[in-house]
2 protein chains.
Amino acid sequence: MTTVTVLGLGPMGHALAAAFTAADHPTTVWNRTPGKENGLDAAVAATTAEAITASPLVIVCVRDYAVARSILDTDALKGRTLVNLSGGSPEQARAMATWAADHGIDYLDGVIMATTDAIGGPDAALFFSGPADVYETHRSTLAALGENSLHVGDSPGRAAAFDASLQDMLWTSMSGVIHMLALAKAEGIAAADIAAHAKALLGFFPAMIDLLAGQVATANYSGDAGTLHATAATMDHILDAIRAQNLDNGVLAAARAEVQRAIDAGHGEDGFARLAAR
Amino acid sequence: MTTVTVLGLGPMGHALAAAFTAADHPTTVWNRTPGKENGLDAAVAATTAEAITASPLVIVCVRDYAVARSILDTDALKGRTLVNLSGGSPEQARAMATWAADHGIDYLDGVIMATTDAIGGPDAALFFSGPADVYETHRSTLAALGENSLHVGDSPGRAAAFDASLQDMLWTSMSGVIHMLALAKAEGIAAADIAAHAKALLGFFPAMIDLLAGQVATANYSGDAGTLHATAATMDHILDAIRAQNLDNGVLAAARAEVQRAIDAGHGEDGFARLAAR
C-alpha cells in the first residue's frame, strides 16, 4: 500500500488521515500544534520536512492556501506529489499549480464535497484537477477518501471552480431555507410543518435546474415559464411579508435588485436564466 | 355541480377557469379587457356585478390585492363566498379578511403553489386559509383546481404566510442556481456538467432542511455540523471566485453580511440555524 502523509489535523484533516489508515495505507501526520493525532494509527512527524519525506504522496488540508504555502517545504516536496485539499478559489488553485510547477512538484488541486463524518464512505465525493497522469498514479490511494472521487479536468482551477459554483448554490439555498424558517416562525407556523412543504417543493428542483441549465447553455432566455416582471412582483410580495415581521431581508432584496437591473436593461419579458447572461 | 365565477383571465385565471369547466362546473368569467375567454366553455359577464351574482362561489385572480379590491362589487358579493387567489402578503390577506367580514362576505384566502400548466392536475397544490366551515362547503369544488389542495388554518393570513415562506426559499434557491450556472460558465464548465452535480447535491437538502428546522424549533443553535466561522470562510472563498470573474455577487455578499452580523453578536461558534433567531 502507498505510504501517505497528511499535513493539518483539523477535523477534516483528521478524518482524511483516519480514512487512509482504515484503508491500510501507512500514514504519517503533522500538525502545527501537537496532540491532534489522537485515535490515529499514524506516525507523527515533528516537522513538515520530516512528514513530507516519509511519503511520495502528500496531502495538505489546512485553513486556506496562504497557510498551506507557509508550511510547505519546497525542497522536501521536489519530485513528490502534493494534493491540496485546503479551501480556496479557482484563481488560488491556478497560482498554486504554477508555484508547484516552478518547484518541480507534481500537483493536484482537490475539493471535498462531504462532511467530515462522510469521509471514506459511499457518500463522500472529492473532485480533483491537474495532470491526468498524476491523478491516475494516485487514483486508487485517493479513493480511500471517498468512493465518489473523480478527476474533473487537467486545468488546475477546475475542481475549485466546480466547488465554488456548487457551494454558491448550496449556501444561497441554505440562506433561503433559514429565511423561510424565520418567516414561518414569525407567522406562527411550526418549523416541522413548513419543512414538510419545503421538502415537497424540492421535488421540482431537478427540473428547474435542468430548465435553467439548458437555457444558459443555449443563451435562450425565454420567459415562457415566467418573466422577470412576474418574478419581481412575486419577490415584492415576499419582501412585504418579511418587512411586516421586521426580519432580515438583505439576501432577497439583493436578488430583487439584480432582477431590477435586468428589467432596467430591457429584459423584463425574459425568464430568470437571463440573470446568468453578461 | 356548483356554479363558479372567475374574475381575472390572465394566464393563471384562465387556467383556473379551464379547470372548473373541465370538471363540469358551470362557469362565468370576467376580465377587465375583453376577449381573454378564448378556449373557455364559460359564460362571459359584462360587469363584475353580473359575474358575481351568477355564482355562490367567486374566485378572484388578478395582479394583487389592490386590483382585487378595486374590481370587487361589495353589494353583489354580500352573502357569497369570495376566494382570493391574487398574490399578496399575509398582512394584506388579514386586511382583506377584515374588509370581507365588514361587508358580510365569506372569505377564503388562497395561494397557488403551481405553474399554470399544472392547474387541475395531480401536481397542483393550493393552500387555503379562513373559516374551516366555509372551506368545507366549497372543498370539493376547489379540488377541481388541484388534487393537493388543503386548508392550512382558520387564520386568514396563514396561506399567504406559507406561500411567502416557501417562495422565499424557492426564489433564493433559484438565485443560487443561476449564480452557480453563471460562475460555472465563466470558468468554462458546461451547464449540463454542473447541473448533474447540483442535482446530486440536492439529495442532501431534505436532511439539511430537517436539521435546520429541528434546530429552529428547539432554539438549539449548535455548531456541531459546522460553525458560522467556518461558513464565513467558505463564503469568502466563493466570493473570491465570483469577484475574480467580475460576476454579480450581491446575493451571496448579503448572506455573508448576515453571517458577519451574527459573528459580531458573539455567535461565531453557533451553527447556521442561529440566523433564524432574534
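Every read-out reported here was derived from the displayed coordinates using simple, explicitly stated rules and does not represent laboratory data. Just so it is clear, the structure is predicted and the values come from calculations on it, not from any experiment. As a convention, Cβ positions derive from the backbone with ideal geometry for all residues, glycine included, and neighbour counts pool all protein chains shown.
Derived scalar couplings between HN and Hα for the stretch B:146-159 equal x, 5, 9, 6, 8, 8, 9, x, 6, 5, x, x, 5, 4 Hz in order, rounded to whole Hz, by the Karplus curve 6.51 cos²θ - 1.76 cosθ + 1.60 (θ = phi - 60°), x for Gly and Pro. Where both bridge residues fall in the stretch A:4-155, DSSP classifies roughly 20% of the beta bridges as antiparallel. Distance check, please: which entries in B:LYS36/B:LYS78; A:LYS78/B:LYS185; A:LYS185/B:LYS199; A:LYS199/B:LYS185 exceed 32 angstrom between their Cα atoms? Listed pairs above 32 Å: A:LYS78/B:LYS185. Computed over the stretch A:125-278, the convex hull of the alpha-carbon atoms projects to a mean area of 11.8 nm². Close amide H contacts of B:VAL29 (hydrogens built in the peptide plane, cut-off under 5 Å, sequence separation of 5 or more or a different chain): B:VAL6, B:ALA43, B:VAL44, B:ALA45. Here the ratio of the Cα radius of gyration of the protein assembly as shown to 2.2 N^0.38 Å is 1.13. Here the simple spin-label model places points 7 Å from the Cα toward Cβ, and for A:THR3 and B:ALA49 these points are separated by 9.6 nm.
Remark: the stretch B:65-81, residue by residue, has Karplus-estimated 3J(HN,Hα) of 5, 4, 5, 4, 4, 6, 9, 7, 9, 5, 5, 5, 7, 3, x, 9, 10 Hz, where x stands for each Gly or Pro and the curve is 6.51 cos²θ - 1.76 cosθ + 1.60 at θ = phi - 60°.
Here the Kirkwood formula puts the hydrodynamic radius of the stretch B:52-105 at 11.2 Å, using every distinct Cα pair.
Between 0 and 90 degrees, the angle of helix A:132-142 with respect to the longest Cα principal axis of chain A falls at about 80 degrees. Eigen-decomposition of the gyration tensor built on the alpha-carbon atoms of chain A gives equivalent ellipsoid semi-axes of 43, 22, 17 angstrom, largest listed first. Between B:ALA132 and B:ASN246, the contour length at 0.36 nm per residue exceeds the Cα-Cα span by 35.8 nm. Spherically averaged projected area of the convex hull of Cα atoms, the stretch B:187-276: 6.6 nm². Annotation: peptides A:194-201, A:180-187, ranked by per-residue average of other Cβ atoms within 10 Å with the highest first, follow the order A:180-187, A:194-201. Under the convention that each Lys and Arg Cβ holds +1 and each Asp and Glu Cβ holds -1, the size of the dipole of the stretch A:187-276 around its Cα centre is about 140 debye. With a 10 Å cut-off around each Cβ of A:251-264, the average count of Cβ atoms from other chains is 5.
Evaluating kT/(6 pi eta Rh) at 20 °C and 1.002 mPa s, with the Kirkwood radius of the stretch A:4-155 over Cα pairs in the Stokes-Einstein relation, gives 143 µm² s⁻¹. Relative to the longest principal axis of the Cα atoms of chain B, helix B:205-218 runs at roughly 90 degrees.
Each label was represented as a point 7 Å from its Cα along the Cα-to-Cβ direction; for A:ALA232 and B:ALA95 these points are 2.1 nm apart.
If each DSSP helix of 4+ residues adds -39,500 (n - 2.57) and the sum is divided by the residues in chain A, what number results at 222 nm, nearest 500 deg cm²/dmol? Dividing the helical sum by the residues of chain A leaves -15500 deg cm²/dmol. When both bridge partners sit in chain B, DSSP labels roughly 20% of those beta bridges antiparallel.
For the protein assembly as shown, the antiparallel share of DSSP beta bridges with both residues in that region comes to about 20%.
Given contacts defined as C-alpha pairs under 8 Å and at least six residues apart, what's the relative contact order of the stretch A:187-276, whole-number percent? After rounding, I find 39 percent. Taking the label point 7 Å along Cα→Cβ, B:HIS103 and its counterparts in the other copies are spaced 7.6 nm apart, in ascending order.
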